[in-house]
Amino acid sequence: MSCNYSPREIQEAQNVVATFKYKPKPAVKGYTGEALKVDLSDYSFKIIPITEEIKMKFTGGKGFDLWLLWNEVNGDTKWDSPENGICISCGPLGGTPAFPGTGKSIVTTISPTTGSVIDSNVGGHFGPLLKFSGFDAMVVVGKQEARDHVVYIDGDKGIVQIVRNEKLGVNSHIVANQLAELYSYNEEDKRNVSSVSAGTGADHCWIGCLNFSWWDWRKEHMRLKQAGRGGSGTVFRGKGLVAMVARTSDSRPVWQHTGGGDTHAN
């Protein structure tokens, strides 16, 4: 896949293959109470309720990821099995800048390198933007042969889409900026867009990493943080994904949704 296409050519190549409409719920005391499941095999979507019992037992982040993965896999699941999930959550304090480290997310999957469950924490803004879009966590299962799929979550419009685009780049330093251009309303709005991607290296090794983007307004381009443990990027590419994107302009800290302050997120 080339990086030499213009933004207009990339826009025109967008092929939306499935759309799911939902009503985004605000985070109350750190939780929206819903997780998102995307199945690439049949292009389907599902909202998974997160009950009070689940919150108490698993809290968030790694706990939510393990719970989601447990409900998808079985004793015979391998790293490249369709039911193996890419699980992402940022926990109840995700997106609250009053506390350090709350921009981070946890990624969990069955590892190509160990054949067992691994988790990796990572910076970037995808986890908080996923939360502000209405989901405490998400899991992607299934797989497609063509590796040109994008999962797009728009918390402003209340839609999740699976899109194919053969003119997107693959390597993360390229595709992260292409997606920021594609899904933002203007230059300032790029801070409200974050993507998850894995480059071509993940196509050829078992320890490919996942890259989570964030907009650096000083340098005016997307920068990347890595979930580098266990080969989650290899699983990601094996599912037929080029990227996942979360965007919402409702990027307020979690406490604001409960009436506890008026400071805007940076």
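The numbers here are math on the coordinates, done by the rules we state, and not lab data. Bear in mind the structure is a predicted one, so any value in this text is a computation, not a measurement.
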Worksheet item: With a ≥ b ≥ c the root eigenvalues of the C-alpha gyration tensor of the stretch 7-249, is it rounded (a/c under 1.5), prolate (a/b larger than b/c) or oblate?
Response: rounded
Practice prompt. State the Cα centre-to-centre distance between the stretch 67-98 and the stretch 112-171 in whole Å.
Written response: 11
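Want the number for K25 to H204: 0.36 nm per residue separation, take away the alpha-carbon distance, what's left? Walk me through the numbers on the way to the answer.
On the way: separation 179, 0.36 × 179 = 64.44 nm, distance 3.94 nm.
Using 0.36 nm per residue and subtracting the Cα-Cα distance, I get 60.5 nm.
Tell me the mean residue ellipticity at 222 nm calculated for the chain from its helices only (DSSP H runs of n ≥ 4, each -39500 (n - 2.57), averaged over every residue, nearest 500).
Details: 6 runs with 48 residues, N = 266.
That comes out to -5000 deg cm²/dmol.
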Discussion item. Using Cα springs under 10 Å in a Gaussian network model of the chain, which residue among M244, M56, M138 shows the largest mean-square fluctuation?
Written reply: M56
Item to complete: Please work out how much length the chain gains when fully extended from E220 to E52, using 0.36 nm per residue of separation minus the C-alpha to C-alpha distance, in nm with one decimal.
Response: 56.4 nm
Item to complete: Let me see the pair-distance distribution of the stretch 100-154: every alpha carbon pair, 10 Å bin width, integer percents in order.
Response: 18, 42, 35, 4
